[in-house]
């Protein structure tokens with residue numbers, strides 16, 4: 001009887017371990033992002049410089065800074081534009097060029113811009129606007145179901161390179177404003193992350209968007 005009990009317990013433990021192993025095999029590990037080559041990317045960005053600057057620091061408030069942005073995010077967005085999943089009037093002229101590039105080319109471009117340092121911005125000296133922007137970015141608004149931006153973009157706006165969440169520190173005000181409004185209207189809908197941003201932006205007023213854009217423009221990494 002004693003040996004039968006030991007055998008039964010051993011059998012149960014063994015079955016449990018095997019079941020755990022089977023479950024482990026079913027878990028898909030996140031895809032590891034392979035960086036591009038910035039030296040190759042430097043030869044592919046002539047068409048980008050007119051709007052985004054040679055070093056990725058755009059001079060227009062409506063054009064995003066690409067400098068210092070994490071590679072995963074840049075690569076994914078370039079793919080969306082190339083494949084027609086993301087549309088933007090300002091990118092229409094360069095889309096035909098992107099369509100001549102393969103995935104590795106896009107990674108090289110992303111690597112090139114990620115190596116440059118983004119210029120810093122200066123938030124408007126408006127106490128009410130800064131207070132609102134600070135509150136929303138750091139703490140969100142529970143009543144309106146707006147989470148803190150820090151959860152994805154970090155306290156200093158540097159983003160999350162592993163997850164592909166973009167840096168927003170020092171980003172152009174006009175671009176930040178138009179992007180949040182594009183999420184709110186669901187005009188921007190490429191990628192799974194856009195669903196999260198759409199749900200957040202849906203609860204933001206124009207004034208709250210202006211406050212957030214102003215605050216993020218003045219963030220320093």
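Readers should treat all values here as calculations from the given coordinates under stated rules, not as data from a laboratory. Everything numeric in this text was worked out from a predicted model, so none of it was measured.
One table, with the values for the structure above:
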item: Between region 189-215 and region 47-90, the alpha-carbon center distance in angstrom; result: 19
item: Relative contact order %, the chain, counting alpha carbon pairs below 8 Å whose residues are six or more apart; result: 22
item: Degrees between helix 173-184 axis and first principal axis of the chain (Cα, 0 to 90, nearest 10); result: 50
item: Angle between the chain longest axis and helix 2-26 axis [Cα atoms, degrees, rounded to 10]; result: 20
item: More than 23 angstrom apart: percent of Cα pairs within the chain; result: 53
item: Solution diffusion estimate, µm²/s, Stokes-Einstein, region 127-217, Kirkwood Rh from C-alpha pairs, 25 °C, viscosity 0.890 mPa s; result: 190
item: Per principal axis, descending, Cα span of region 38-114 in whole Å; result: 28, 26, 20
item: Among 64, 166, 147: highest mean-square fluctuation, GNM of the chain, C-alpha pairs under 10 Å; result: 147
